1. What Kirkwood hydrodynamic radius do you get for the chain when you take the inverse of the mean 1/r over all pairs of distinct Cα atoms, in Å?
2. Kindly rank 29-38, 114-123, 6-15, 72-81 from highest to lowest mean number of other beta carbons found within 10 Å of each residue.
3. So, counting K/R as plus one and D/E as minus one, what does the shell of residues with Cβ under 11 Å around SER436 add up to?
4. Let me spell out the model: positive unit charges on the Cβ of Lys and Arg, negative unit charges on the Cβ of Asp and Glu, origin at the Cα centre of the chain. What dipole size does that give, in debye rounded to 20?
5. Roughly speaking, what is the centre-to-centre gap between segment 241-308 and segment 347-411 when only Cα atoms are used, to the nearest Å?
6. Could you give the angle, 0 to 90 degrees to the nearest 10, between helix 420-433's Cα long axis and the longest principal axis of the Cα atoms of the chain?
7. Please give the contour-minus-distance gain from LYS264 to LYS289: 0.36 nm per residue of separation, less the Cα-Cα distance, rounded to one decimal in nm.
8. Between SER239 and SER467, what length comes free when the chain is fully extended (0.36 nm per residue of separation minus the Cα-Cα distance, one decimal in nm)?
Amino acid sequence: MAKYEFDMIVIGGGAAGLTAAGLAANFGAKTMMVEAEKLGGDCTWTGCIPSKTLLKAGKVARQIRDAGKYGLIDGEPNIDFKKVMQHVDEVRKEVYEDADRPEIFEDMGIEVVHGKAAFEDDRTIRIIGKEGSERKVSSKKFIIATGAKAFVPNIPGLDEVEYLTNESLFEIEKLPRELIIIGGGPIGTEMSQAFVNLGSKVTVVDMAPQIMGNDDRELVGILREELEKQGVKYELNASVQKVERNGTEIHVQVERDGVSRIIKGDALLMATGRKANTSGLNLEAVGVKTENGNVIVNESCRTNKSHIYAAGDVTGRYQFTHMSDHMAKIAATKALLKFVPMKIEKNMVSWVTFTEPELAHVGKTEQQLRDAGEKFEVYRFPYSKIDRALAEGETIGLVKIFAKKLSGKILGATAVGAHAGEFISEYALAIKNGVSMRGIADTIHPYPSWGLGARRAADQWYIKNQSEWSVKLIKAVFGYRGEVPDFSDPDRIV
Ligand SMILES: Cc1cc2nc3c(=O)[nH]c(=O)nc-3n(C[C@H](O)[C@H](O)[C@H](O)COP(=O)(O)OP(=O)(O)OC[C@H]3O[C@@H](n4cnc5c(N)ncnc54)[C@H](O)[C@@H]3O)c2cc1C
């Protein structure tokens, strides 16, 4: 008789857990997946999907307002917020039905269990069902994929007001008149645009001097300018002193340069970071090490216990769905097939903030490269030179590629502008497969696709490598009589 009931137990059924359990079953492991709430996790229910759906509703509202620029009759959109939120909910359910519901995984041979899991010992978990049922199961291997939740700092008075987080935001039925968002990271920034477009007044408060601290300063500046034009207000370099309810209003007292002021609103969204879901897992008792609440893993997603792995937001690393998925593949493969060489891709981490304009990045940032003393060139290409952007009236934007001067090896790329996330995907493919700037520049892209912008950005490598002496050499060899072009302008793009 087998020593353990299962070969693999995956705790958590979000982006990481679903991938890990599916892969484990595909490897022939007897697999259980335990989920405390609903399969799909943050991404489907309280993260990517509802936020992108809400952003789209806001985008359509703005297109109605801006229709005049395309020669159409513009106007103030009639927004039925309750219906917008119903639509958001329908889309979540569609995604769940399509990809996350238990039957899909049960058909793969996985036992899907609803309940909250905690370790009893390092080979056994206890699962408490919602109705109070209890079950103990043992397994040879485990993958912890319990994700993260909103981190809310200790602010005096905050507990006395009804504030929102991403867990409650998509359940509201009434459009806030004046929304205060504390936190100018990706979640706060996306939601500031969605709500301002839907008709709320929005103020973003952050203690940092600029929003989107992990992104390229220049590109963030372009995004912020656009968001300000659209109506988002900022209180930066501002530390929140206290929060108070005053009748129907919420007052947030901030201090900047020693001066206090009160920001008033009728709703408050806390977008102040994420905190790993490890507290109820009893990890201390089984000796799995954590740091600041995050499960510590090595490059193979293994914890300090050789049969326990972790993937996704619970590790505190790159909290994105695609990275959770990537880590889950590594965790399941390494846990079950041990010798397959796989490790977390650190050189091509990518992310996109789905505002308009989008802000996207892959690979090393300019700052990381400078800190590492790397020699590289910055190849820049503005959206105003992309014909498709002109045709669609989306000329605000800039692509920056960081690459080696001679070989054209791409180290990183970052872009702000329409469809920037798609540009970045092409550069992600290039970085992963060693395709150089030349490789992209020499690839035919259809005209006038957005993708052609990615190629034209790569053309910059050819352009910047042109020099007077090479033209003089050509002239001398072939006897040509034309002028030597002026290559002195460092910003030339043709
Ligand atoms: C507003 C918002 C927008 C976002 N937008 C994007 C985006 O556009 N692109 C992107 O890449 N990422 C985005 N993210 C991040 C993305 O949602 C997460 O990175 C991703 O969902 C993490 O997946 P996960 O499987 O690690 O965790 P989760 O999806 O959180 O899944 C963990 C699951 O474990 C369950 N669980 C927890 N504890 C237990 C327990 N003890 N027993 C059993 N089950 C348990 C939870 O109920 C949950 O279902 C966004 C996040 C937010 C909040």
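1. Details: mean 1/r = 0.0399 Å⁻¹.
Result for the chain, one decimal place: 25.1 Å.
2. Details: 29-38: 22.5, 114-123: 18.0, 6-15: 28.6, 72-81: 11.9.
Highest-to-lowest ranking by the protection proxy: 6-15, 29-38, 114-123, 72-81.
3. Working: positive: LYS404, LYS409, ARG438; negative: ASP442.
Its environment carries a net charge of +2.
4. Working: 65 positive and 69 negative charges, 325 e Å.
With only Lys, Arg, Asp and Glu charged at Cβ, the dipole is about 1560 debye.
5. Segment 241-308 and segment 347-411 have Cα centres separated by 31 Å.
6. That helix lies at roughly 90 degrees to the long axis.
7. Numbers: separation 25, 0.36 × 25 = 9.00 nm, distance 4.28 nm.
Going from the current span to full extension adds 4.7 nm.
8. Details: separation 228, 0.36 × 228 = 82.08 nm, distance 5.12 nm.
Length difference between fully extended and current span is 77.0 nm.
Values in this text are rule-based calculations from the coordinates and carry no lab data. The structure displayed is predicted, hence computed values, not measured ones. Every residue, glycine as well, gets a Cβ built from its backbone with ideal geometry; the counts of neighbours run over all protein chains shown.
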